[in-house]
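I have placed the structure first, in the form of structure tokens, so that the comments after it can refer back to it.
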Amino acid sequence: MGGLAVMLAASAQAQVPSAPNDPAVVVAPQATPIPATETPPVDVPTPQTDPVAPQPVPQVEPQPEPKPKPVKKGPPDSLKPGQFVWEKRDSYANPLRMVIVLDIQRMYVFDGDDLVGFTTVSTGKKGKETPTGVFNILQKKVYHESNIYANAPMPFMQRLTWDGIALHEGYNPGYPASHGCIRLPKIFAKALYDATVMDGQVVILESLSKPLPKPQPAPEAPVEPAPTPSEQPTQPSPLTKK
């Protein structure tokens, strides 16, 4: 019994830590850990979702094709007022033929079937319209002054009628503005003047969609029947006595 007491005392003495040599340091006893309590798991209810019915696919109605925009009436080229195209040649196989179209304010120049040039023009304004038809070059003058409109200058003039219609250099505003003549850009007027010949043909059309009517043969003059012998007047003989 005494031996058991001695062993318990020795065991208790071994479990108590010895204090350091410094008497000012106090060693606090270690805290006894408190066992954590287990929290029972909580069942979280799963939300119930109603089954989703399939949605119908929307039908896309076909859209009508856009109507094409109306084509604005205008010249078939991109020339601006006063511009032109000219193919200079050393010589021409045929006398040049000129075609003027009033509604688009254009002139086209042909060597046979070959287009050698085209240009913007300015023709007769309202009340002084340029006449349509087939004309020929009647006169050519490098410089001419109008004897109708206050000596207005008409450089590189090529006369089409004797009452004042001609091709010549002049102002090109992009619309009819002359007193009936066909105004041409300066450089084009000179090039055309040097290339044309007297009696060259000039055709003036109102529109490309309205060509000139074919010329109709002139009606023949009625032939009066010759008078019968009984209808012929008789002249009294100078030898007949009255």
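Could you list, in sequence order, all residues of the range 145-162 that are in a loop (DSSP other than H, G, I, E, B) and either surrounded by fewer than 12 Cβ atoms within 10 Å (Cβ to Cβ) or in contact with a Phe, Trp or Tyr (Cβ under 9 Å, 6 or more places away or on another chain) (or both)?
Asn147, Ile148, Ala150, Asn151, Met154, Pro155, Phe156, Leu160, Thr161, Trp162, listed by residue number.
Taking only pairs six or more apart or across chains, which ones have beta-carbon atoms under 7 Å, a first residue in the range 80-106 that is free of Cβ contacts under 8 Å to residues at least 24 places away in the same chain, and a second residue that is of a type outside the set (A, V, I, L, M) and open to solvent by less than 70 Å² (accessible area, probe 1.4 Å)?
Ala93/Asp111; Ala93/Gly112; Asn94/Asp111; Asn94/Gly112
Considering only the range 92-101, state which residues are open to solvent by less than 20 Å² (accessible area, probe 1.4 Å) and not in a strand (DSSP E or B).
Leu96
Of all residues in the range 163-191 being part of a loop (DSSP other than H, G, I, E, B) and either open to solvent by 50 Å² or more (accessible area, probe 1.4 Å) or in contact with a helix residue (DSSP H, G or I) (Cβ under 7 Å, 6 or more places away or on another chain) (or both), which is farthest from Leu102 (Cα to Cα)?
Once the filter is applied, the top-ranked residue is Asp163.
Does Thr234 count as touching a Leu at 6+ places or on another chain (Cβ under 9 Å) and either hydroxyl-bearing (Ser, Thr, Tyr) or modelled with pLDDT of 95 or more (or both)?
So Thr234 fails the test.
Could you tell me whether Pro131 is more than 12 Å from Leu192 (Cα to Cα) and in contact (Cβ under 8 Å) with a residue 24 or more places away in the chain?
yes
Run down Gly112, Gly127, Gly117, Gly133 and say which single residue is out of contact with any Pro (no Cβ under 7 Å at 6 or more places or on another chain), of a type outside the set (Asp, Glu) and either within 14 Å of Val85 (Cα to Cα) or open to solvent by 70 Å² or more (accessible area, probe 1.4 Å) (or both).
Of Gly112, Gly127, Gly117, Gly133, the one residue that is out of contact with any Pro (no Cβ under 7 Å at 6 or more places or on another chain), of a type outside the set (Asp, Glu) and either within 14 Å of Val85 (Cα to Cα) or open to solvent by 70 Å² or more (accessible area, probe 1.4 Å) (or both) is Gly117.
Any idea which of (1) within 18 Å of Gly174 (Cα to Cα); (2) touching a residue at least 40 places away in the same chain (Cβ under 8 Å) is the one Val142 doesn't satisfy?
(1)
Residues Pro95, Pro54, Pro58: which one is at pLDDT 85 or above and not charged (D, E, K, R)?
Of the residues listed, the single one that is at pLDDT 85 or above and not charged (D, E, K, R) is Pro95.
Would you please list the contacts, defined by Cβ atoms under 8 Å and residues six or more apart or on different chains, that run from a residue in the range 192-207 that is within 10 Å of Leu96 (Cα to Cα) to a residue that is hydroxyl-bearing (Ser, Thr, Tyr) and not in a strand (DSSP E or B)?
Filtered contacts from the range 192-207: Ala195/Tyr92.
Here is a check on your reading of the model: is Leu205 modelled with pLDDT under 70 and touching a Ser or Thr at 6+ places or on another chain (Cβ under 9 Å)?
The answer is no for Leu205.
The values are calculated or read from the model by the stated rules, or taken from the named source; none is laboratory data. Quantities reported herein were computed from a predicted structural model and do not represent experimental measurements. Methodologically, a virtual Cβ is constructed for each residue, glycine included, from the backbone with ideal geometry; neighbour enumeration extends over all protein chains shown. Areas reflect the complete protein model, heavy atoms only, side chains present, ligands, DNA and RNA absent. Shrake-Rupley method; radii C 1.70, N 1.55, O 1.52, S 1.80 Å.
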